[in-house]
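I have placed the structure first, in the form of structure tokens, so that the comments after it can refer back to it.
The values are calculated or read from the model by the stated rules, or taken from the named source; none is laboratory data. As the structure is a computational prediction, the values presented were derived from the model and not from experiment. Heads up, the Cβs are rebuilt from the backbone with ideal geometry, glycines too, and the neighbour counts pull from every protein chain shown.
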Amino acid sequence: MSGSGPVDLRGRAAIVTGAGSGIGRAIAEALARSGAAVCAGDLNDSAARETAERIEHGGGHAIATHTDVRDRDQVRQMVEGAVRAFGRLDILVNNAGLQHIAPVHEFPEEKWDLLIGVMLTGTFLCTKYSLPHMIAGRWGRVLNISSIHGLVAAPFKSAYIAAKHGIVGFTRAVALEVADYGVTANAICPAYVRTPLVEGQIAEQARVHGISKQQVVEKVMLASAAIKRLLEPDEVAMLVLYLCSDVASGITGTAYPIDVGWTAR
Ligand SMILES: NC(=O)c1ccc[n+]([C@@H]2O[C@H](COP(=O)([O-])OP(=O)(O)OC[C@H]3O[C@@H](n4cnc5c(N)ncnc54)[C@H](O)[C@@H]3O)[C@@H](O)[C@H]2O)c1
């Protein structure tokens, strides 16, 4: 099935962080279906291995690494391991992320450090160590999974919102620096996506508010959205594929909403 999709990435090599679950796994599998060799990195190494095994069973090529994107040595090892295995590195998807909900005046400082460390500093470290390989190959794609909360705010998510806005700014800076080398950098800003993380939040809110899961999605989570449904991980993965394609070589420094009409208001 490799190379069978709408975008041909045969001969390319990719790293996806947070590839053991949800959006990261969907992106890793979509890249592999398009022919790319994929290094699936995750803090959860058995989840990363499962993603790599799913890809291999589907006829693709993948390796798995245990990588905490906050740890510069582990990031360096992930990049070196991918280059050793595949002989090159063309695509980096900075996807690892997590949420913590609390008002600013009660926000635990260690949670602030964790969220900024994973989503902002982790994105910086993975990009820093990956870019030399893309620059050397005169072709590259950096895709940073921000969020609709990289464009607009919501209460009680200050660290997430600061990190995701930071990712958008970082993406623009990278885009300007590497444009001459055939490397593009773009951020993707999804609204709520159906992943294990969000399914858990829906169940919890339904319990707390005493309403159905459907009502949580429509009335609580998607109050600002035009289209009242969750996105699927594959919808995000398809945008990643498009931005990796050669026809997207003129798109850089953007923050693409995929937001069910959220920012139309
Ligand atoms: N699900 C949504 O509604 C949604 C919407 C917009 C943006 N996002 C973003 O998409 C990304 C993926 O979210 P998801 O919903 O698939 O979440 P998820 O919890 O299903 O997957 C996140 C993965 O990241 C890994 N991870 C966490 N900390 C890590 C670290 N320090 N180093 C390496 N890996 C780490 C986890 O082990 C997990 O496998 C996140 O950046 C999230 O903020 C999600």
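What pairs come up if the first residue lies in region 73-89 and is farther than 21 Å from residue 9 by Cα and in the same structural domain as residue 131 (by TED's automatic domain parsing), the second is in a loop (DSSP other than H, G, I, E, B) and basic (Lys, Arg), and their beta carbons are under 9 Å apart, counting only those six or more places apart or on different chains?
Going by the 9 Å Cβ cut-off, there are no qualifying pairs.
In this structure, does residue 228 turn out to be among the basic types (Lys, Arg), more than 18 Å from the chain's Cα centre (by Cα), more than 25 Å from residue 107 (Cβ to Cβ) and surrounded by 14 or more Cβ atoms within 10 Å (Cβ to Cβ)?
yes
Could you please give the count of residues in region 73-119 that are under 24 Å from residue 147 (Cα atoms) and not small (Gly, Ala, Ser)?
So the answer is 27.
May I ask you to list the residues in region 140-162 that are under 26 Å from residue 89 (Cβ atoms) and touching a residue at least 60 places away in the same chain (Cβ under 8 Å)?
Within region 140-162, 141, 143, 145, 146, 150 meet the criteria.
Is it the case that some residue within region 163-177 is within 11 Å of the ligand (Cβ to nearest atom), polar (S, T, N, Q) and under 25 Å from residue 241 (Cα atoms)?
Checking region 163-177: not a single residue is within 11 Å of the ligand (Cβ to nearest atom), polar (S, T, N, Q) and under 25 Å from residue 241 (Cα atoms).
Can you tell me which residues in region 117-143 are aromatic (Phe, Trp, Tyr) and away from the ligand (no atom under 15 Å from the Cβ)?
Across region 117-143, the qualifying residue is only 139.
Out of 136, 173, report the one residue that is in contact with a strand residue (DSSP E or B) (Cβ under 9 Å, 6 or more places away or on another chain), assigned to a helix (DSSP H, G or I) and free of Cβ contacts under 8 Å to residues at least 12 places away in the same chain.
173
Output yes when any residue across region 139-146 is surrounded by fewer than 22 Cβ atoms within 10 Å (Cβ to Cβ) and not in a helix (DSSP H, G or I), and no when none is.
yes
Consider region 213-265. How many of its residues are small (Gly, Ala, Ser) and either in contact (Cβ under 8 Å) with a residue 40 or more places away in the chain or within 21 Å of residue 22 (Cβ to Cβ) (or both)?
Qualifying residue count for the region: 8.
Mind listing whichever residues of region 183-215 are within 10 Å of the ligand (Cβ to nearest atom) and surrounded by 20 or more Cβ atoms within 10 Å (Cβ to Cβ)?
The answer is 188, 189, 190, 191, 192, 193, 195.
Being in the same structural domain as residue 32 (by TED's automatic domain parsing), under 30 Å from residue 32 (Cα atoms) and among the small types (Gly, Ala, Ser) narrows it down to one residue among 182, 200; which is it?
Step by step, each of 182, 200 is checked, and only 182 is in the same structural domain as residue 32 (by TED's automatic domain parsing), under 30 Å from residue 32 (Cα atoms) and among the small types (Gly, Ala, Ser).
When you go through (1) of a type outside the set (A, V, I, L, M); (2) part of a loop (DSSP other than H, G, I, E, B); (3) buried (at least 21 other Cβ atoms within 10 Å of the Cβ) one by one for residue 155, which number turns out not to apply?
(3)
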